[in-house]
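Nothing in this text is a laboratory measurement; each read-out follows from the coordinates by a stated rule. This is a predicted model, so every value here is computed, not measured. Heads up, the Cβs are rebuilt from the backbone with ideal geometry, glycines too, and the neighbour counts pull from every protein chain shown.
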Amino acid sequence: MTHFQIMVNVIMPQALRNIMPQIGNNLIINIKDTCVLSVIGVVELFYATKGVAGAYYTYFEAFGITMVIYFILTFTCSRILRYWEKKMDGPDSYDLATTDTLAYTSGMVKFPDPKEKEDK
């Protein structure tokens, strides 16, 4: 295999499987932290909600809707990431090797003694 094939077919799947939880957590944290941008003055969901709530004096309703939108965003992202992680884990029915097949060829196997059979 070439270096590129090794990276794409061997290294990258293992690396992605290991870093997916952290990337997913950072995505969800970034979604939740966008409301910090309203302090800077960037128009985003929380900043727009403050404007609507102040204009119509419906603070509870406006922030309730915003809360639901943030919940839907984070919940959907976490479910998609959980599904993707499970897909990368593979099937639950792996056939685990419980015995060492090489032990049978290395002389560790005790063959029945023919004299013991004659004594019985």
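Figures for the structure shown
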item: Karplus 3J(HN,Hα) series, Hz, for the stretch 17-25 with 6.51 cos²θ - 1.76 cosθ + 1.60 (x for Gly, Pro); result: 4, 7, 9, 4, x, 5, 5, x, 4
item: Label-point separation, Asn18 to Lys87 (7 Å along Cα→Cβ), nm; result: 2.3 nm
item: Karplus-derived HN-Hα couplings along the stretch 31-36 (A = 6.51, B = -1.76, C = 1.60, θ = phi - 60°), whole Hz, x at Gly and Pro; result: 5, 6, 8, 5, 5, 5
item: Cβ-Cβ FRET estimate between Phe75 and Thr2, R0 fixed at 30 Å, reported to 0.05; result: 0.10
